[in-house]
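Below: the structure, in structure tokens.
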């Protein structure tokens with residue numbers, strides 16, 4: 001095969017662009033939350049349902065998507081699901097009611113559910129094991145770019161064009177990218193004859209093989225340690241940073257919308273810079289997955305403790321610093337956490353393993369987002385009193401304690 005490195009990077013850029021759009025959809029409700037409440041006349045709990053419906057769909061689809069990645073191959077799976085995500089984005093922009101908007105968010109969640117799992121499988125085909133965490137970190141940086149676009153740029157665009165127009169544009173871009181995927185993405189070197197693209201749908205041995213892979217994954221107790229860690233860390237990340245941090249900064253600190261967007265953008269910058277850095281630390285400096293996971297859990301715990309101890313009294317600069325550090329813990333989810341889980345199993349069941357694991361971070365996002373909304377609604381109606389956020393922070397703090405305990409129990413999977 002001539003110049004396989006070129007094809008590897010084309011595949012990387014395509015799947016990373018899909019992931020950027022997926023991350024935009026994941027966290028955009030935090031910035032346009034007031035517009036959504038006004039447009040649909042909904043409460044905090046309903047806003048939590050609207051935002052978390054994405055995670056419900058995403059989480060439900062992870063095991064099927066992992067199996068499809070192993071069965072169909074990455075190219076077909078990403079093309080189909082990319083089209084679904086694009087249609088969901090357009091439907092959300094056109095939504096006339098809360099029910100329509102929720103259904104559109106579910107369709108978006110189904111569509112973008114394929115990108116991360118397929119990317120991890122794709123990288124296993126194209127890049128060596130000792131490059132995996134660094135490539136995954138660079139990929140996660142694109143997620144950070146998507147997160148960044150969903151902060152201050154989204155606030156500006158929503159104010160200039162209207163939030164509906166923004167989602168129509170994003171849907172159109174996603175559709176064009178899906179077309180590019182079909183024509184340009186190559187999922188493994190053409191001369192790699194030892195590992196087929198995917199099992200044939202008509203192959204009678206396909207279904208038993210996939211069922212056996214799934215049972216092999218869920219039968220490994222160390223896999224469930226990773227499940228607890230990723231459920232809590234991503235639940236906190238999505239529950240706070242991905243939704244309620246925006247209203248928190250407005251209500252508890254009285255920030256303006258642009259200032260709020262700037263603080264939230266620190267999370268995106270930390271993902272852009274931190275994800276490749278964490279991959280480098282894990283692969284080249286510490287030569288360890290577990291140490292990075294423990295350090296991330298400790299950082300998250302300290303940040304939440306500080307938010308609680310200095311509630312409403314942090315300076316603007318201190319808020320930016322705290323949110324930057326919390327973003328680093330989000331980077332550890334995909335860069336190191338998923339890498340460690342994948343390394344528990346051979347590459348031929350990588351899609352099933354990652355897909356099964358990836359049910360739980362989004363289940364965590366759904367649980368924490370909805371729980372926080374219910375707690376806030378119990379204190380009154382929006383805008384909420386500053387002290388209404390204290391029990392919400394306690395909720396996230398409890399999750400951080402569980403995340404730290406599970407990180408200490410994780411198996412070291414790094415191999416020199």
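The values are calculated or read from the model by the stated rules, or taken from the named source; none is laboratory data. On a predicted model such as this, the values are computed, not experimentally measured, just so you know. Here the Cβ is made from the backbone with ideal geometry for all residues, glycine too, and neighbour counts use every protein chain on show.
One residue is enough: does the range 73-94 have a residue meeting the conditions at negative phi, within 14 Å of the chain's Cα centre (by Cα) and crowded, with 18+ Cβ neighbours inside 10 Å? Lay out the reasoning, then the answer.
Here is the first cut: in the range 73-94, the residues at negative phi are 74-94.
So of that shortlist, the ones also within 14 Å of the chain's Cα centre (by Cα) come out as none.
No - not one qualifying residue is present in the range 73-94.
Restricting attention to the range 258-270, does a residue exist that is at pLDDT below 85, out of contact with any strand residue (DSSP E or B) (no Cβ under 6 Å at 6 or more places or on another chain) and surrounded by fewer than 15 Cβ atoms within 10 Å (Cβ to Cβ)?
Checked the range 258-270: at least one residue is at pLDDT below 85, out of contact with any strand residue (DSSP E or B) (no Cβ under 6 Å at 6 or more places or on another chain) and surrounded by fewer than 15 Cβ atoms within 10 Å (Cβ to Cβ).
Please go through the range 27-58 and give me each residue that is surrounded by fewer than 17 Cβ atoms within 10 Å (Cβ to Cβ), modelled with pLDDT of 85 or more and not in a helix (DSSP H, G or I), ordered by number.
Once the filter is applied, which keeps residues that are surrounded by fewer than 17 Cβ atoms within 10 Å (Cβ to Cβ), modelled with pLDDT of 85 or more and not in a helix (DSSP H, G or I), the range 27-58 yields only 41.
For (1) modelled with pLDDT under 85; (2) surrounded by fewer than 16 Cβ atoms within 10 Å (Cβ to Cβ); (3) assigned to a loop (DSSP other than H, G, I, E, B), each residue gets a yes or a no:
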residue	(1), (2), (3)
352	yes, no, no
366	yes, no, no
375	no, no, no
382	yes, no, yes
387	no, yes, no
392	no, no, no
397	no, no, no
416	yes, yes, yes
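Criterion first (out of contact with any helix residue (DSSP H, G or I) (no Cβ under 7 Å at 6 or more places or on another chain) and either more than 18 Å from residue 29 (Cα to Cα) or modelled with pLDDT under 95 (or both)) does residue 82 satisfy it? Give the derivation first.
On the way: out of contact with any helix residue (DSSP H, G or I) (no Cβ under 7 Å at 6 or more places or on another chain): no; either more than 18 Å from residue 29 (Cα to Cα) or modelled with pLDDT under 95 (or both): yes.
No.
Suppose we filter 176, 157, 138 for residues that are part of a helix (DSSP H, G or I), surrounded by fewer than 15 Cβ atoms within 10 Å (Cβ to Cβ) and at pLDDT 80 or above; which single one remains?
Details: 157 fails: surrounded by fewer than 15 Cβ atoms within 10 Å (Cβ to Cβ); 138 fails: surrounded by fewer than 15 Cβ atoms within 10 Å (Cβ to Cβ).
Going through 176, 157, 138 in turn, the sole match is 176.
Being crowded, with 21+ Cβ neighbours inside 10 Å and either farther than 20 Å from residue 330 by Cα or free of Cβ contacts under 8 Å to residues at least 40 places away in the same chain (or both) is the filter here; which residues of the range 277-317 pass it? Don't jump to the end; show me each part of the working.
First, pick out the residues of the range 277-317 that are crowded, with 21+ Cβ neighbours inside 10 Å: 278-279, 281-283, 289, 292-293, 296-297, 300, 303-304, 307.
Once the filter is applied, which keeps residues that are crowded, with 21+ Cβ neighbours inside 10 Å and either farther than 20 Å from residue 330 by Cα or free of Cβ contacts under 8 Å to residues at least 40 places away in the same chain (or both), the range 277-317 yields 281, 303.
Report whether or not residue 181 is surrounded by 21 or more Cβ atoms within 10 Å (Cβ to Cβ) and closer than 30 Å to residue 343 by Cβ.
Details: surrounded by 21 or more Cβ atoms within 10 Å (Cβ to Cβ): yes; closer than 30 Å to residue 343 by Cβ: yes.
Yes, satisfied.
Can you run down the residue pairs with Cβ atoms below 7 Å, 6 or more apart or on separate chains, where the first is in the range 91-119 and within 19 Å of residue 238 (Cα to Cα) and the partner is at pLDDT below 90 and not in a helix (DSSP H, G or I)?
Short answer, once both residue conditions are applied: 116/358; 117/358.
What about residue 117, is it out of contact with any strand residue (DSSP E or B) (no Cβ under 8 Å at 6 or more places or on another chain), under 16 Å from residue 87 (Cβ atoms) and crowded, with 24+ Cβ neighbours inside 10 Å?
Criteria not met by residue 117.
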